[in-house]
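Asks: Let me give you the structure first, and then I'll get to my questions.
The values are calculated or read from the model by the stated rules, or taken from the named source; none is laboratory data. Model, not experiment: these values are computed from the prediction. Note: ideal-geometry Cβ built from the backbone for every residue, glycine included; neighbour counts use all protein chains shown.
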Amino acid sequence: MAGDVQAQVKDTYRELASDYDNVRFVRICASRLVDLTQLQPGESVLDVATGTGHLALAAAQVVGPTGKVTGLDLTKEMLEQARRKADAKGVTNAEWREGDAERLPFPDATFDAVICSSGIFFLPNQLAALREWGRVLKPGGRVIFSTFGKDNNQYLAELAKQWQERYGLTVFEAPTPLPDPNQCRRLLVDADFTDVQVLSERHDYYFSNGDEFWTEFSSTHVRSALAKLSAERRAQFRKDLLTDVEKLARPQGICRTLALNFALGRKRQ
Ligand SMILES: C[S@@+](CC[C@H](N)C(=O)[O-])C[C@H]1O[C@@H](n2cnc3c(N)ncnc32)[C@H](O)[C@@H]1O
């Protein structure tokens, strides 16, 4: 099971890596997560499932030259994008490691904080993963992860799903989504963290037109399914989906509502 999921993750994100930064919702989520972690200069941070590293790079700025951030991900192509961005910005306190979130290549008690944005729902054994994250935390260190809430993007998600069904697309969905804040809380308690808190929040953002919506939609995990359609069918899919999506336009644009959970805990002293 874990091997199948990892193979699908790698296939999906390999294909997305170069356009992944078009996806605004994960960046909104990551920037909120970095605020909530309350990082301090000099701290050592692990960003699990770092992707193209925008959370890790934001964290690197906060912890500064006396601190250090390590971004770990399963997909080499996502890490290459992270490394490229770090080099372009002259970041010297971030490093990138290929690896599995459930089996970390670090000694015990290495980090002050372990953070993970939009990644935990890909892990088949989340409890084992959280225990592993606890192992690499220093006593008193913080863990924080995000998931999408129950009614995340309800209407647009349903619309997109209808169109996927109509076109016979099979989309790889995260196997363990954790939409319920109580599930997040339970996991942290069971993994023996203290000071457990889960914040559920909603954030709206807007697309100015259908093209912008499509740019984001086609840069998400649906991409590998879309790639299986002929060019003609793909163009028809886009046209049909956008006809419906554009009906949702308001004066500010087409609204997407993110429902997010942020789960925080602390390793016992
Ligand atoms: C939706 S992206 C999130 C990336 C980044 N954290 C962000 O906020 O944009 C999910 C990432 O999780 C990574 N991933 C999935 N399963 C993983 C695992 N078992 N170990 C490490 N990374 C994993 C994928 O390769 C992908 O880069």
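Asks: Hey, which of the helices (runs of 4 or more DSSP H) in region 170-269, taking only ones fully inside, have at least 2 residues that are of a type in the set (S, T, N, Q) and either modelled with pLDDT of 95 or more or surrounded by fewer than 19 Cβ atoms within 10 Å (Cβ to Cβ) (or both)? So that I can check it myself, show each step before the final result.
Replies: Details: elements: 181-190, 210-217, 223-226, 231-245.
Answer list for region 170-269: 181-190, 231-245.
Asks: Additional query: Out of the residues in region 121-149 that are near the ligand (Cβ under 9 Å from one of its atoms) and of a type outside the set (Gly, Ala, Ser), which is surrounded by the fewest Cβ atoms within 10 Å (Cβ to Cβ)?
Replies: If we filter region 121-149 for residues that are near the ligand (Cβ under 9 Å from one of its atoms), which is where we start, we get 121-124, 129, 146.
Retained after the next criterion (residues that are of a type outside the set (Gly, Ala, Ser)): 121-124.
Numbers: 121: 19, 122: 22, 123: 26, 124: 15.
The extreme case among them is 124.
Asks: Can you pull out every residue in region 147-161 that is within 17 Å of residue 222 (Cβ to Cβ) and either part of a strand (DSSP E or B) or without any contact (Cβ under 8 Å) to a residue 24 or more places away in the chain (or both)?
Replies: Of everything in region 147-161, those that are within 17 Å of residue 222 (Cβ to Cβ) and either part of a strand (DSSP E or B) or without any contact (Cβ under 8 Å) to a residue 24 or more places away in the chain (or both) turn out to be 148, 157, 158, 161.
Asks: Quick test of your reading of the structure: residue 47 fulfils all but one of (1) buried (at least 22 other Cβ atoms within 10 Å of the Cβ); (2) at pLDDT below 95; (3) near the ligand (Cβ under 9 Å from one of its atoms). Name the failing condition by number.
Replies: (2)
Asks: Looking at region 5-38 only, could you name the residues that are under 18 Å from residue 152 (Cβ atoms) and either of a type in the set (Phe, Trp, Tyr) or near the ligand (Cβ under 9 Å from one of its atoms) (or both)?
Replies: Selection gives 23, 25, 26, 27, 29, 30, 33.
Asks: When region 50-62 is examined, which residues are found to be more than 16 Å from the chain's Cα centre (by Cα) and within 8 Å of the ligand (Cβ to nearest atom)?
Replies: Residues of region 50-62 that are more than 16 Å from the chain's Cα centre (by Cα), as a first pass: 60-62.
The answer is none; no residue qualifies.
Asks: Residue by residue through region 102-122, note down the ones that are within 10 Å of the chain's Cα centre (by Cα) and at positive phi. Lay out the reasoning, then the answer.
Replies: Within region 102-122, the first condition is being within 10 Å of the chain's Cα centre (by Cα), and the residues that meet it are 116-122.
The answer is 118, and nothing else.
Asks: I'd like the full set of residues that are touching a helix residue (DSSP H, G or I) at 6+ places or on another chain (Cβ under 7 Å) and either over 14 Å from residue 119 (Cβ atoms) or aliphatic (A, V, I, L, M) (or both), limited to region 90-102.
Replies: Those that are touching a helix residue (DSSP H, G or I) at 6+ places or on another chain (Cβ under 7 Å) and either over 14 Å from residue 119 (Cβ atoms) or aliphatic (A, V, I, L, M) (or both): 91, 93, 94, 96, 98, 101.
Asks: Something else: So, residue 104, is that one more than 24 Å from residue 21 (Cα to Cα) and surrounded by 15 or more Cβ atoms within 10 Å (Cβ to Cβ) or not?
Replies: On the way: more than 24 Å from residue 21 (Cα to Cα): yes; surrounded by 15 or more Cβ atoms within 10 Å (Cβ to Cβ): yes.
Spelling it out, residue 104 is indeed more than 24 Å from residue 21 (Cα to Cα) and surrounded by 15 or more Cβ atoms within 10 Å (Cβ to Cβ).
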